[in-house]
Amino acid sequence: MCFSPEADVAAGVFVGAVGIDALRHVHRRSELALASLPLLFSIHQFVEAAVWGSLSGAVSPDLGRVATWIYLGFAFGVLPVLVPFAVLGIEPEVRRRRLIAPFCVLGVFVAATLTNALVHGPIGVMMAPYHLIYVTGLRYGAQLTALYVLATCGPLLVSSYRRVVIFGAANLVAIPVLLWLTVTGFVSLWCVWAALTSIAITAHLRLVNGRRAVQSATL
């Protein structure tokens, strides 16, 4: 989420462009999950812009409800699964892959639990200063949030790529700060996080596959 519909749209355009570049640098099928994340983040931002629009009267309430379901469905049911499997897909070392696998299982559990709460509702959304408040019938929210962070950040920390580990450590600092800013109603900067994450993903794919291309050319 972001602090205004305009910011969501701007972030969506920027992240979408980065996402297209990420897909251009995919050299192996196993990299597709990671490379798809920026483009999915972009769509996510545009979907939330529709949620903002429904609350301001610019978009029909029916479309707003659909957008709310899509927005939460991606956050609850897709990301906790996609992120650990994306990291697993790019990991070249067998030992590290074995360490990442439990996080994939955890991600599936978190996604199933959150999706169940989403399906059984109720869900809603309210406009607040500089962010939207999504309301769900979720129980044990704090515990599930901790497991969510573990499922999505844990795989990054055990990667054999040093820059991926650094990014994972940065996420462990950034995510609690972003949560605090949003919950306190100060401002929501998740769109900034999506943009930075997308840049990091594209940079990783460029560097890894650029080196492979150089190595292949020298053989």
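Listed as lacking a disulfide-compatible partner in the chain: Cys104, Cys153, by the criterion of no other cysteine Cβ under 4.7 Å.
Calculated from DSSP H runs of 4 or more alone, at -39500 (n - 2.57) each and per residue, what is the 222 nm mean residue ellipticity of the chain, nearest 500?
Numbers: 8 runs with 165 residues, N = 219.
Using -39500 (n - 2.57) per qualifying helix, the result is -26000 deg cm²/dmol.
Please work out the FRET efficiency for the pair Arg29 and Asp62, using the Cβ-Cβ distance as r and a Förster radius of 30 Å; give the result to the nearest 0.05.
On the way: r = 38 Å, r/R0 = 1.27.
E between Arg29 and Asp62, to the nearest 0.05, is 0.20.
Mind checking the angle between helix 141-157 and the chain's longest principal axis? C-alpha axes, 0 to 90 degrees, to the nearest 10. Between the helix axis and the principal axis of the chain, the angle is about 20 degrees.
Around Val18, with a cut-off of 12 angstrom between Cβ atoms, what is the net charge of the other residues, counting Lys and Arg +1 and Asp and Glu -1? Display every interim value, and only then the final one.
Values: positive: Arg24, Arg206; negative: Asp21.
Taking every Cβ under 12 Å from that of Val18, the sum is +1.
Translational diffusion of the stretch 41-189 was estimated from the Stokes-Einstein equation, with Rh taken as the Kirkwood radius over Cα pairs; at 37 °C and 0.692 mPa s the coefficient is 199 µm²/s. Helix 94-120 and the longest principal axis of the C-alpha atoms of the chain enclose an angle of approximately 10°. If you take the Cα centroid of the stretch 42-74 and the Cα centroid of the stretch 1-37, the two points sit 19 Å apart. Counting only alpha carbon atoms, the long axis of helix 162-183 and the longest principal axis of the chain meet at about 10°.
FYI, it's all coordinate maths here, none of it is from the lab. Because the structure is a prediction, the values reported are computed rather than measured. We place every Cβ from the backbone using ideal geometry, glycine too, and count neighbours over all the protein chains shown.
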